[in-house]
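This report concerns only the one structure given below.
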Amino acid sequence: MKIIKDVIILALETSCDETAAAVVSNGRGVLSSVISSQIPIHRRFGGVVPEIASRRHVGQILPVIDQAVREAGVDLSRIDAVAATYGPGLAGALLVGIAAAKGLAFALGRPLIGVNHLEGHIYANFIEHPELEPPFVALVVSGGHTALLSVPEYNCFELLGSTWDDAAGEAFDKIARALSLPYPGGPEIEKLAVSGNPAAIVFPRAMKDEQFNFSFSGLKSAAVNYLHNARQTGAAVNKADVAASFQAAVIDMLSERAAAGIKACGARKIVLAGGVSANGKLREVMAATAKDLGASLYYPSPALCTDNAAMIGCRAYYLLRDGFINDLAINACPALSFVKT
Amino acid sequence: MKNSAGRLNVLILGIDTAASVCSLALYDGVRVLSECSADGGLTHSEKMMPQLQALLDSCAVLPCQLAGIAVSLGPGSFTGLRIGLSSAKTMAYALKIPIAGIATPLSLAWNLPLPGVWLSPLIDGQKGNVYQTVYEWRAGRMFEVEKTTLKSCGEALSFLAQSGRECVALGEYPGEPPGGWPKGVHPAPPYVRKPRAAVAAFLGYARIAAQDWDDPFTLEPYYMKKSEAEILWEKRRTNIVTCEE
């Protein structure tokens with residue numbers, strides 16, 4: 001008789017302003033997922049302060065790990081591997097999670113798995129949708145990244161295109177700040193846009209000739225200039241119209257490139273990932289785009305769109321399954337992008 | 001298990017990543033079983049855990065044989081401190097063993113327990129500043145003469161020069177002073193200048209044996225100052241309040 005044991009992974013995520021730990025069974029079963037958010041701490045600075053984030057991670061890491069282990073109801077000795085995000089992200093913040101994971105892996109005598117945060121975001125979809133499997137096209141949209149990929153199999157990522165300048169989420173945050181909205185700006189713009197007219201202001205859709213790449217800095221400047229000119233001429237600004245028009249421009253660019261990706265790969269599935277994929281309007285437009293092309297759209301629930309460790313545990317499971325483990329010398333890679341494994 | 005003096009084994013792992021040197025040691029209450037200090041080269045993040053693996057292997061010790069962890073808490077390099085402490089915390093947690101935080105200046109003073117002189121650890125505090133502490137070793141005990149304070153290098157050295165005492169400067173001070181070392185102030189030789197994990201383990205052993213340990217859940221480095229962003233934010237807020245007044 002063959003006894004198949006569940007593979008249990010303890011995963012950590014500290015790449016930015018969330019200290020998170022999760023216990024994941026066989027890649028897709030989330031036994032626990034604990035997130036300690038620092039958003040209220042950074043709000044008064046209008047963005048994430050790296051030194052404050054790193055300090056907070058050191059204070060939170062063990063309580064968060066302990067809570068995840070207790071909520072999962074597993075003994076530490078039952079953990080088969082320890083995973084941590086090793087990039088991209090803030091160097092000082094990443095180092096706390098990596099050092100903590102190394103300590104656990106060493107003390108428990110278990111393998112260590114370094115996980116690419118962006119790949120983790122894509123894998124959040126596997127947790128949400130048990131039936132989902134590669135191949136698919138993925139659109140990763142977050143505060144730090146905007147990328148379009150083809151994912152033909154579990155440990156293979158082919159980058160189709162990415163942003164030349166700002167990430168979509170970054171543009172959202174900058175315009176939110178220009179509109180005097182609180183940090184983080186993405187959800188605030190979305191809220192304000194509901195009562196605005198998306199056709200009120202025509203903002204540029206950059207790089208129409210590019211098939212898969214993105215650019216948001218021109219759009220960002222156009223929106224900032226619009227507000228600046230209005231202030232100088234004393235013209236009234238309808239903030240809701242600005243938010244709606246700006247959001248529409250971002251979503252247009254994202255959905256156009258995604259459509260091109262689906263067509264080029266002949267994909268039947270398109271997967272959204274990253275913090276901006278929590279945007280309701282983006283989901284709505286992408287659903288229509290997918291439907292037109294006969295593809296199915298997948299995205300995680302809002303809780304799995306933002307940074308969490310469950311997605312890191314899920315990604316780590318498939319790395320472990322194919323023998324991709326790291327030694328104790330692994331370092332933080334703040335500028336890590338998509339790498340072919 | 002007994003140690004080399006036949007007493008109950010309390011094998012303590014010492015970790016010091018407060019300065020540029022990554023130092024790890026195993027101490028059993030009588031002997032320093034092994035110590036490894038690597039300065040320069042790879043980052044703490046890259047070298048600390050492989051170095052720990054090699055240290056334990058060299059003594060044929062398994063992680064589960066450790067009885068406690070002593071970790072240097074600073075002040076010092078914020079990143080270095082966080083790397084050492086984060087791994088120390090999770091190891092203590094997973095192995096269910098106590099952790100004891102050690103002040104880096106105290107550890108430095110114990111590098112050179114000599115009577116009759118002032119021992120002054122100077123730790124780089126950035127922007128031409130140092131964290132200065134002054135200790136004196138009398139009758140086998142270390143006394144703090146001056147508590148840890150952030151000051152300019154010049155102020156720290158004149159404080160020692162004006163004491164009229166023979167002083168030994170320890171720690172990672174930023175190079176030779178512009179006007180040379182003042183009369184009566186002597187830099188420690190390189191082999192005792194930097195933090196050593198054997199000292200942290202020695203001090204941690206005493207604390208852990210006395211059941212005076214720290215809570216790994218709440219233990220934090222000694223930052224000694226707020227982040228630049230907080231300092232600026234508070235300055236700006238004070239200015240706004242002053243203007244409104």
Next on the checklist: Would you confirm, using the coordinates I've provided, whether A:Ala91 is within 10 Å of another protein chain (Cβ to nearest Cβ), within 20 Å of the chain's Cα centre (by Cα) and at pLDDT 95 or above?
Outcome noted: yes
Next on the checklist: I'd like to know if the stretch A:237-259 contains one or more residues that are within 30 Å of A:Phe126 (Cβ to Cβ), over 18 Å from the mean Cα position of the chain (by Cα) and among the small types (Gly, Ala, Ser).
Outcome noted: yes
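Here's the yes/no breakdown for (1) closer than 22 Å to A:Ala316 by Cα; (2) among the small types (Gly, Ala, Ser):
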{"residue": "A:Thr14", "(1), (2)": "yes, no"}
{"residue": "A:Ala20", "(1), (2)": "yes, yes"}
{"residue": "A:Arg28", "(1), (2)": "yes, no"}
{"residue": "A:Pro40", "(1), (2)": "no, no"}
{"residue": "A:Val58", "(1), (2)": "no, no"}
{"residue": "A:Gln67", "(1), (2)": "yes, no"}
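Scan the stretch B:5-28 residue by residue and report those that are touching a Ser or Thr at 6+ places or on another chain (Cβ under 6 Å), surrounded by 20 or more Cβ atoms within 10 Å (Cβ to Cβ) and either of a type outside the set (Gly, Ala, Ser) or not in a loop (DSSP other than H, G, I, E, B) (or both).
Of everything in the stretch B:5-28, those that are touching a Ser or Thr at 6+ places or on another chain (Cβ under 6 Å), surrounded by 20 or more Cβ atoms within 10 Å (Cβ to Cβ) and either of a type outside the set (Gly, Ala, Ser) or not in a loop (DSSP other than H, G, I, E, B) (or both) turn out to be B:Asp16, B:Ser23, B:Leu26.
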Checklist entry - How many residues does the stretch B:164-182 hold that are at pLDDT 95 or above and surrounded by 15 or more Cβ atoms within 10 Å (Cβ to Cβ)? => result 5
Checklist entry - Any idea which of B:Glu172, B:Glu176 is outside the structural domain of B:Tyr222 (by TED's automatic domain parsing), closer than 29 Å to B:Thr218 by Cα and either of a type outside the set (Ser, Thr, Tyr) or touching a Leu at 6+ places or on another chain (Cβ under 9 Å) (or both)? => result B:Glu172
Checklist entry - Just a yes or no: is a residue in the stretch B:211-218 within 14 Å of chain A (Cβ to nearest Cβ) and under 17 Å from the mean Cα position of the chain (by Cα)? => result yes
Next on the checklist: So A:Asp292 passes all but one of these: (1) out of contact with any Lys or Arg (no Cβ under 7 Å at 6 or more places or on another chain); (2) modelled with pLDDT of 95 or more; (3) surrounded by 16 or more Cβ atoms within 10 Å (Cβ to Cβ); (4) not small (Gly, Ala, Ser). Which condition number does it fail?
Outcome noted: (3)
Next on the checklist: What pairs come out if I take residues in the stretch B:73-94 that are more than 7 Å from chain A (Cβ to nearest Cβ) and pair them with residues that are basic (Lys, Arg) and outside any helix (DSSP H, G or I) whose C-beta lies under 9 Å away, six or more apart or interchain?
Outcome noted: B:Pro75/B:Lys225
Item to check | Residue in the stretch A:221-241 that is under 27 Å from A:Ala290 (Cβ atoms), surrounded by 18 or more Cβ atoms within 10 Å (Cβ to Cβ) and either in contact with an Asp or Glu (Cβ under 7 Å, 6 or more places away or on another chain) or small (Gly, Ala, Ser) (or both) present | outcome: no
Checklist entry - Could we say that B:Leu232 is at pLDDT below 95 and of a type in the set (A, V, I, L, M) here? => result yes
Item to check | Selection from the stretch A:34-74 of residues that are away from every other protein chain (no Cβ under 12 Å) and within 20 Å of the chain's Cα centre (by Cα) | outcome: A:Val34, A:Ile35, A:Ser36, A:Ser37, A:Gln38, A:Ile39, A:Pro40
Next on the checklist: Quick check on my filter: what residues within the stretch B:31-58 are hydrophobic (A, V, I, L, M, F, W, C) and modelled with pLDDT under 95?
Outcome noted: B:Leu42
Checklist entry - Can you tell me which residue in the stretch B:117-136 is farthest from B:Ile15 (Cα to Cα), limited to those that are surrounded by fewer than 20 Cβ atoms within 10 Å (Cβ to Cβ) and at pLDDT 95 or above? => result B:Val117
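Give the number of residues within the stretch B:29-72 that are charged (D, E, K, R) and loosely packed, with under 15 Cβ neighbours inside 10 Å.
3
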Checklist outcome for this item: Being in contact (Cβ under 8 Å) with a residue 40 or more places away in the chain, over 27 Å from A:Ile41 (Cβ atoms) and touching an Asp or Glu at 6+ places or on another chain (Cβ under 7 Å) narrows A:Ser162, A:Ser215 down to just A:Ser215
Checklist entry - Just checking, how many residues over the stretch A:74-96 are out of contact with any Pro (no Cβ under 9 Å at 6 or more places or on another chain), crowded, with 24+ Cβ neighbours inside 10 Å and over 17 Å from A:Glu119 (Cα atoms)? => result 2
Checklist outcome for this item: Selection from the stretch A:83-101 of residues out of contact with any Gly (no Cβ under 7 Å at 6 or more places or on another chain) and among the β-branched types (Val, Ile, Thr) yields A:Val96, A:Ile98
Item to check | helices (runs of 4 or more DSSP H) within the stretch A:249-341 that include 2 or more residues within 30 Å of A:Ser25 (Cβ to Cβ) and among the hydrophobic types (A, V, I, L, M, F, W, C) | outcome: A:302-305, A:310-321
Checklist entry - Between a first residue in the stretch A:274-286 that is free of Cβ contacts under 8 Å to residues at least 60 places away in the same chain and a second residue that is in a loop (DSSP other than H, G, I, E, B), which pairs have beta carbons less than 9 Å apart while being 6 or more apart in sequence or on different chains? => result A:Arg283/A:Tyr299
Next on the checklist: Can you pull out every residue in the stretch A:9-33 that is in a strand (DSSP E or B) and over 17 Å from the mean Cα position of the chain (by Cα)?
Outcome noted: A:Ile9, A:Leu10, A:Val23, A:Val24, A:Ser25, A:Gly29, A:Val30, A:Leu31, A:Ser32
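Checking the structure you have, find out if any residue of the stretch B:183-202 is in a strand (DSSP E or B), crowded, with 20+ Cβ neighbours inside 10 Å, touching a helix residue (DSSP H, G or I) at 6+ places or on another chain (Cβ under 9 Å) and not assigned by TED's automatic domain parsing to the domain that holds B:Asp39.
Scanning the stretch B:183-202, I find at least one residue that is in a strand (DSSP E or B), crowded, with 20+ Cβ neighbours inside 10 Å, touching a helix residue (DSSP H, G or I) at 6+ places or on another chain (Cβ under 9 Å) and not assigned by TED's automatic domain parsing to the domain that holds B:Asp39, so the answer is yes.
The values are calculated or read from the model by the stated rules, or taken from the named source; none is laboratory data. Computed from a predicted structure; not experimentally measured. Quick reminder, even Gly has a Cβ in these numbers, built from the backbone with ideal geometry, and neighbours come from all protein chains shown.
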